[in-house]
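Notes follow the structure.
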Amino acid sequence: MMKPLRCTLTLLLCLYLFTAQAKVDTLVIQSPSMQKTLKAGVVTPDGYQKKKSGPYPVLYLLHGYSGNFSNWLKVPPQKDLLQTMADKYQLIIVTPDGGFSSWYYDSPVDKQSQYETFITQELRQEIERRYKAIPERSARFISGLSMGGHGALYLSARNPELYLAAGSMSGALNVSRSESEKLLKSIEAVLGPKPENMERFRQNSVVHMVPELKQSGVHLIVDCGVADMLLEDNRELHRRLVYEKVPHEYIERPGAHTWAYWGNALEYHLLFFQKVREGVAK
């Protein structure tokens, strides 16, 4: 007699677990600064649809060189990584499109590459208009991998009023000394030819922006795998931050320049952001 009831309860529980998960939207945005349409992924946590839920903190999560907005949603070994993290930490995760090789600059030489303006102004304003996002620095974070790690620290240094904390995973933190011909060409496309613009390259490399990072008051987490080709640039930033007495979290772990490493690293950043936010709230 009890078996049908148990089956019904099990079915209801399964339906609840199926529906009580993060939701993923693809947002299409017109960028006035670049006069083109761009996309962003938006992951909203379990419970978001309830009338009295939120508002929520927001993490802007940047992709790497040659990537796009969907990378963080599709490529990690754990395919539902962002949904799981959004549910666990009860925040909105936004994955902007940063172009194939924008380096997240407002390019002085290419009007079609104004990604600092897009992410810090146009996308942010659209997210805060459309979603139950807390529109305050105390609940806004930015992180990313490789080119996106550079972008996260770069944007936070230049826009400290927007972000409480920023993180870099395997960041390409020194564009002024890129040894890859392919990467150098991509940087020159947005900053101009390197021989004629050495100072511009230096000023737009995160390792040379420690004074700005120090003044910003943004809480920082930097991590890199010990088998990563960019490890020395990450260590150099760490040394400079220590020398200038800039508080930050620095981590080296086993791993290389891979999605297995970044997928594992993301929760370290979320834990750090959570601790920072709780500390500010006290």
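The values are calculated or read from the model by the stated rules, or taken from the named source; none is laboratory data. Being a predicted model, the structure only gives us computed values, none of them experimental. Cβ: placed from backbone, ideal geometry, glycine included. Neighbour counts: every protein chain shown. For the accessible areas, the whole protein counts, side chains as well, though only heavy atoms, and no ligand, DNA or RNA atoms are used. Shrake-Rupley method; radii C 1.70, N 1.55, O 1.52, S 1.80 Å.
For the stretch 237-282, name all the residues that are closer than 30 Å to residue 75 by Cα, touching a residue at least 12 places away in the same chain (Cβ under 8 Å) and open to solvent by 80 Å² or more (accessible area, probe 1.4 Å).
Those that are closer than 30 Å to residue 75 by Cα, touching a residue at least 12 places away in the same chain (Cβ under 8 Å) and open to solvent by 80 Å² or more (accessible area, probe 1.4 Å): 249, 254, 268, 277.
Could you list all residues from the stretch 85-98 that are open to solvent by less than 10 Å² (accessible area, probe 1.4 Å) and within 25 Å of residue 205 (Cβ to Cβ)?
Once the filter is applied, which keeps residues that are open to solvent by less than 10 Å² (accessible area, probe 1.4 Å) and within 25 Å of residue 205 (Cβ to Cβ), the stretch 85-98 yields 95, 96, 98.
Please pick out the residue among 25, 87 that is in a strand (DSSP E or B), more than 20 Å from residue 151 (Cα to Cα) and in contact with a Gly (Cβ under 9 Å, 6 or more places away or on another chain).
One residue alone meets the criteria, 25.
Given the criteria within 20 Å of residue 44 (Cα to Cα), surrounded by 24 or more Cβ atoms within 10 Å (Cβ to Cβ) and of a type outside the set (A, V, I, L, M, F, W, C), does residue 60 qualify?
yes
Mind checking which residues of the stretch 23-46 are of a type outside the set (A, V, I, L, M), open to solvent by less than 40 Å² (accessible area, probe 1.4 Å) and farther than 21 Å from residue 113 by Cβ?
25, 44, 45
Can you pull out the residues in the stretch 116-128 that are in contact with a Ser or Thr (Cβ under 7 Å, 6 or more places away or on another chain) and either without any contact (Cβ under 8 Å) to a residue 60 or more places away in the chain or open to solvent by 10 Å² or more (accessible area, probe 1.4 Å) (or both)?
If the condition is that a residue be in contact with a Ser or Thr (Cβ under 7 Å, 6 or more places away or on another chain) and either without any contact (Cβ under 8 Å) to a residue 60 or more places away in the chain or open to solvent by 10 Å² or more (accessible area, probe 1.4 Å) (or both), then 117, 122 are the ones that fit.
Before we move on, is residue 228 acidic (Asp, Glu), touching a residue at least 40 places away in the same chain (Cβ under 8 Å) and either touching a Phe, Trp or Tyr at 6+ places or on another chain (Cβ under 8 Å) or under 23 Å from residue 57 (Cα atoms) (or both)?
yes
If you check residue 82 against the conditions, is it part of a strand (DSSP E or B), open to solvent by less than 60 Å² (accessible area, probe 1.4 Å) and not polar (S, T, N, Q)?
In short, no.
Return only the number of the condition from (1) farther than 17 Å from residue 232 by Cβ; (2) of a type in the set (Gly, Ala, Ser); (3) out of contact with any helix residue (DSSP H, G or I) (no Cβ under 8 Å at 6 or more places or on another chain) that residue 143 does not satisfy.
Unmet for residue 143, out of (1) farther than 17 Å from residue 232 by Cβ; (2) of a type in the set (Gly, Ala, Ser); (3) out of contact with any helix residue (DSSP H, G or I) (no Cβ under 8 Å at 6 or more places or on another chain): (3).
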